[in-house]
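Student: Can you keep this structure in mind? I'll have questions shortly.
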Amino acid sequence: MIGWGIIAGLIAVAIAVWSYARLPVRVPRGWLGTLGAMRALAVWALLWLLIEPVWNRVVSRSRRPTLLLLADNSRSVFWRGALSPTLYKEELLRLVRRLEEKGWQVRSYAWDETLRPLDSLNGQGNLSHLTLSLRKAYERESQAALAVLVSDGRETGERVPVPSGLPVWTVGVGPPPLQDAAVEAVEVPAWIAEGESPTLRIKLRGNYPSGSVEIRVGEYAERLSVSSSASVLNVPLPKLNAGSYPLRVRLIVPNDPNPANNEWQELISVRRQRWIFHLWAGEITPDIAFLRRLLERMGKVYLIAARSEGGYTLSSDTLQKGIGVIPIFYNFPRRREDFPLAEKIIAENAFLIAVWGAIPMEGVFWQQLGIQASPRLEARSLPQGVSLFIHRRPLFSAPSQAIDIGWGYPIAYRRYVGNKLLTLLPGEGWWRLREYPYLAMQWDSLMVALISEGMLLQQSKILFFPRRSRIAEGEPVYWEGFVPEGTELRVGQTVLPLRRRPDGLTEAVWIPPRAGLYPYELRLQGNLLLSGSIWVEPLGSRELQTLGRDTLYLAYLARSTEGRYFSWESRDSLPEVLRLGQLPLTLQDITRETIPLHELGLWLALVLGLFCAEWVLRRYVGLY
């Protein structure tokens, strides 16, 4: 750029000399110099624009750190006048002013099923998307230094991972935990085979003298008398044929203050086939027993362990192969001699589940699975107190899908490799879940869903399940996976459009018009490839299911993100505690700005001004 400036200057001087070297009239030397200089400068400015010059500068701007304030707008916070929405909004606005006085730039939102401005808070939310609202707010305000979440901690919408790197300070609000009569949970076996008689485990809560529980599954109905002394009911169901059945459990108690949580609805899936599992174990641990107890309910399990002197407890040549057989790796391959067999198993199967614990894997085999490096194992705790050891997110060489079942962090990953599906569960300590039946049920349901996907891929060469089969009214349902060209997806009587993405996967989305049970089918040229059902709960049915401030979860959320927990009653101390923290009161944003000089109006005005001034002077001295 400097070189061209010198060349342009020489050309401009040459043109100025040529223009005023020979004139028809005599002009004083001083005027000639002035006119020549103006001509040279104007020509140089025009030539300089030919290379489109830019001006790079570094700009430093001071700003206050951004703080996100997210206020729960769901009905459970205000149940039975525990808090007035008007008073709630006034106190929140006062908290915003105090935070701004302490040096924060506050971005405030109210949230329920959507994220909205704080001014729209009215206490009428029918769904609580707690973690999803956190994520959406952080996407809008990516410069936020921390978030203050005001909530009762009851998440009734889809739970997603909390944004990484964002400290969350929680403020517990809402009524104290209510010990009313309620159906606290209904545990359904994750796997029910055709012809089995499954047993429901119904958890009841509250103090009431007497009542009854009504159970309906398909055409079966039963009514049982209960009292508050019976907190758990084990109810055997009749044998069911293959298919999907809506389950309804209803607790009937006179004069219950909150009848909204006296009903539980679930979708039961009864499977026709039983499968064969080859469980390849690099070592025998309690996790093997925890995994095997589920697999044995789903089919026949062959445990193949590596012998210390070499070889395996079963020969691979004697094992059944083909459709209906699913291989599962547990800390396998552990030895170098296991690599050829492991690679052969991967090549022969369209689907593989791999569970890895603390045993270090050879980098060569990680690369075979498309993982660039072995992730690090970290201790993770759940609000219920159980601790697991989960690997950090593996670094895949191709896109992968993380699976979070509501624990606040992914515990499984799916990766498509051509027409193969690899599912990873990187962690150990799963056996600890056996002391927590509800968590174990969540883990079992995930494994059943993952294995069902793999079996479908084996049988039909497709993989196109909905992400969730139970949603609240108004929530969308997403499908993603592999389907052949010409496949038709029908939900009820509606045919959904399928969109093929650049990465080869197909996706679809559907928003249910109302609550109810919706069957769906996937067909290719009239042939049925896949069928299932989606259960849509009425809007608001979950919101009052559990009432009261969940301080345990709010404290866990704050602790896991390096924040702190406050009660609503101690909210006035929050601004001062934040001011005494490690965060700076003033941030410096340093940016590099590029200014194109040829686009500036000032530059055009300079060139035109020089030519106009030269023309006026020429007229003044008698040159035309």
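The values are calculated or read from the model by the stated rules, or taken from the named source; none is laboratory data. Owing to the predicted nature of the structure, the values given are computational and were not obtained by experimental measurement. Note: ideal-geometry Cβ built from the backbone for every residue, glycine included; neighbour counts use all protein chains shown. For the accessible areas, the whole protein counts, side chains as well, though only heavy atoms, and no ligand, DNA or RNA atoms are used. Shrake-Rupley method; radii C 1.70, N 1.55, O 1.52, S 1.80 Å.
Student: With all protein chains present, how much of the accessible area of the chain (probe radius 1.4 Å) comes from carbon and sulfur, to the nearest whole percent?
Tutor: 53
Student: Here's another thing I want to ask about it. If R₀ is 25 angstrom, what is the calculated FRET efficiency for the pair S229 and I405, using the beta carbon separation as r and rounding to 0.05?
Tutor: Efficiency computed from Cβ-Cβ geometry: 0.15.
Student: What shape does region 429-556 take by its C-alpha gyration tensor, where a ≥ b ≥ c are the square roots of the eigenvalues and a/c under 1.5 counts as rounded, a/b above b/c as prolate, and the rest as oblate?
Tutor: oblate
Student: R0 = 35 Å: FRET efficiency of L87 with L552, Cβ-based, nearest 0.05?
Tutor: The formula returns an efficiency of 0.85 here.
Student: Sort 254-262, 179-187, 221-229 for me by packing, meaning the mean count of neighbouring Cβ atoms within 10 Å per residue, highest on top.
Tutor: Most protected by this proxy first, the peptides run 179-187, 254-262, 221-229.
Student: In deg cm²/dmol, rounded to 500, what helix-only [θ] at 222 nm does the chain give when every DSSP H run of at least 4 residues adds -39500 (n - 2.57) and the total is split over its residues? Walk me through the intermediate numbers first.
Tutor: Numbers: 11 runs with 158 residues, N = 624.
Value at 222 nm, helices only, nearest 500: -8000 deg cm²/dmol.
Student: Separate question: What does the accessible area per residue of the chain come to in Å², with a 1.4 Å probe and no ligands, DNA or RNA counted?
Tutor: Numbers: 29980 Å² over 624 residues.
Heavy-atom SASA per residue in the chain reads 48 Å².
Student: With the Cα gyration tensor of region 242-291 giving a ≥ b ≥ c as the square roots of its eigenvalues, does the rule (a/c under 1.5 for rounded; else a/b larger than b/c for prolate; else oblate) give rounded, prolate or oblate?
Tutor: Verdict is oblate for region 242-291.
Student: Here's another thing I want to ask about it. Can you give me the span-like helices of the chain, meaning DSSP H runs with 20 Å or more of Cα extent along the axis and Kyte-Doolittle mean at or above 0.5?
Tutor: Result, helices passing both filters: 2-20, 29-49, 437-460, 601-621.
Student: Still on this structure, I have one more. Kindly work out what percent of the DSSP beta bridges joining two residues of the chain are antiparallel, to the nearest 5. Please list the in-between numbers first.
Tutor: On the way: 87 of 136 bridges.
Restricted to the chain, the bridges split so that about 65 percent are antiparallel.
Student: When the label point is put 7 Å from the Cα of R293 along its Cα-to-beta-carbon vector, which residues of region 428-445 have a backbone N closer than 11 Å?
Tutor: 431-437, 440-441
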